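The structure under discussion appears below in the form of C-alpha cells.
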Amino acid sequence: MTCFPSNALIETAAKAGIRPLMFRHERGAIMAADGYYRMNDGQRFGVAAMQHAAGAENSMGGLSQAFGDNLPCSRDTGGGQPRVWTVDGVFHGEPGYRHGERLCD
C-alpha cells in the first residue's frame, strides 16, 4: 500500500502485515499504485491512502491518469472530523459571484 502522509488505515495495514510505502506527495503514491497494478498484469490491485482534504485534491492528477487509461485504482482518504471542518458541508460559492459582485475592495 502506498501512502502519504497520515491516515488511520496506514497503521491498521502495518499491524496486519501489509507494508506501507511512504511517498513525498499524494500524486506519487497514486502513480506508484497504478504502476503496481500494471507491473502485475492486472492480477494485483494498487492501493493508496492519504489524508483527507488537500491529500484528496493532490491525488487527482494520478487518479485522472489511471481513469484515462481505464485502470482500476483504490484511494482511501480516511475523512476528517466534522468539528474541524472550516467550510459547511453545503457550502456554495456561486451566490457571491451571481451578479459579478466584488467580494472585497
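The values are calculated or read from the model by the stated rules, or taken from the named source; none is laboratory data. Predicted, not measured: the structure shown is a model, and the values here were computed from it. Neighbour counts run over all protein chains shown; Cβ positions are idealised from the backbone, glycine included.
Restricting attention to the range 68-84, and to residues there that are assigned to a helix (DSSP H, G or I) and at pLDDT below 85, which single residue is farthest from the chain's Cα centre (by Cα)? Outline the logic, then answer.
Going residue by residue through the range 68-84, those that are assigned to a helix (DSSP H, G or I) are 68, 82-84.
Now drop any that are not at pLDDT below 85, which leaves 82-84.
Details: 82: 18, 83: 21, 84: 19 Å.
Only one residue fits best here, namely 83.
Could you check, for the range 42-52, whether at least one of its residues is in a helix (DSSP H, G or I) and either surrounded by fewer than 18 Cβ atoms within 10 Å (Cβ to Cβ) or within 9 Å of the chain's Cα centre (by Cα) (or both)?
no
Can you find a residue in the range 6-15 that is at pLDDT below 80, surrounded by fewer than 19 Cβ atoms within 10 Å (Cβ to Cβ) and assigned to a loop (DSSP other than H, G, I, E, B)?
Within the range 6-15, one or more residues are at pLDDT below 80, surrounded by fewer than 19 Cβ atoms within 10 Å (Cβ to Cβ) and assigned to a loop (DSSP other than H, G, I, E, B).
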